[in-house]
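Student: This is the structure, below, for whatever I ask next.
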Amino acid sequence: MPPATTVQALPRVPAPRDPVQEPRVLSLAMLRQPAFWEGSRAYRPLWLGIASWGLMTGVAMTNSGLSLFEGLLMTLLVFAGTAQLAAIPLIAAGAPVWVVLAAAFCVNLRFVVFSAHLREYVRHLPFRERVLFGYLSGDINYVLFVQRYPHPSDEPKLRGEQIAWYVGSTATNYVAWCTACTLGVLVAQALPLSWGLGFAGTLAVLGVLCATLDNRMRILATTLAGGVAVLAWNLPLKLNLVAAIVVSVAVCLALEYTVLRRSSDERDARTEARR
């Protein structure tokens, strides 16, 4: 008897890119996509809170000793509020460059999780566009996007719509953030940090987060992450955020595996009972 052959599933290969339905990430053709403006409109209700956060970040950069040029350059190139706020006091204290970079890297590790999830949405794009897509990503944009499009599409038209929607949302975020940061750098002497406007950005993020808590697993993940982040507050380099992500993901994956295995066992038992 010949040996049995095993058929292995081929990896999913995305369809070729349609230049009409899927314009480049940064192109004038993207502005003609209705989904681009839909994504922009979805973000606009939240821009005021993020702009307040950006304004105070700009003030903090100037008050930490950065020159006008350095503050503007950091605003336009770094585009990472948490990383900027983590780096500013270290720069002011004269910390080594590697310490500043390590702190910024640690507080932004959550974007590794975001990018891993977004990979299937952008795997058909050229490398340079994927890098740009990742650079423009933000916390709120990510949450809004996965709410609007829970699953990636292989169909070119819908795939192009998803990309356009995300770019519209992130472009609006970039403009709001950079404008507010630039204004903060320019008016730093007239706007005291004691106003605490940066807390408005935190409230905006919390508002979006609460809107996603539509099942018990997400509520558990959020509660775990928040609890661990508070308990591990004294860890250096904001590593409490990394600990929160690791614990929350590990526990939820274990629970999900247990639930799926139990469901599979129950299904097998029912099948055996019917025989």
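The values are calculated or read from the model by the stated rules, or taken from the named source; none is laboratory data. Quantities reported herein were computed from a predicted structural model and do not represent experimental measurements. Positions of Cβ are backbone-derived with ideal geometry, glycine not excepted, and every protein chain shown enters the neighbour counts.
Student: If we scan the stretch 141-154, do we find a residue that is out of contact with any Phe, Trp or Tyr (no Cβ under 9 Å at 6 or more places or on another chain) and modelled with pLDDT under 85?
Tutor: There is at least one residue in the stretch 141-154 that is out of contact with any Phe, Trp or Tyr (no Cβ under 9 Å at 6 or more places or on another chain) and modelled with pLDDT under 85.
Student: Let me ask another. Looking at the stretch 194-275, what helices (runs of 4 or more DSSP H) fall wholly within it and have at least 3 residues that are at pLDDT 75 or above?
Tutor: It comes to 216-231, 239-274.
Student: For the stretch 112-138, which residues satisfy the criterion of being small (Gly, Ala, Ser) and either in contact with a Ser or Thr (Cβ under 9 Å, 6 or more places away or on another chain) or buried (at least 18 other Cβ atoms within 10 Å of the Cβ) (or both)? Quick ask: steps written out before the conclusion?
Tutor: Here is the first cut: in the stretch 112-138, the ones small (Gly, Ala, Ser) are 115-116, 134, 137-138.
Listed by number, the residues that qualify are Ser115, Gly134, Ser137, Gly138.
Student: I need a count of the residues in the stretch 118-168 that are farther than 22 Å from Ala83 by Cβ and either among the polar types (S, T, N, Q) or touching a Cys at 6+ places or on another chain (Cβ under 8 Å) (or both).
Tutor: 3
Student: Taking into account only those residues within the stretch 28-74 that are touching a residue at least 60 places away in the same chain (Cβ under 8 Å) and of a type in the set (S, T, N, Q), which is surrounded by the most Cβ atoms within 10 Å (Cβ to Cβ)?
Tutor: Restricting to residues being touching a residue at least 60 places away in the same chain (Cβ under 8 Å) and of a type in the set (S, T, N, Q), the top hit is Thr57.
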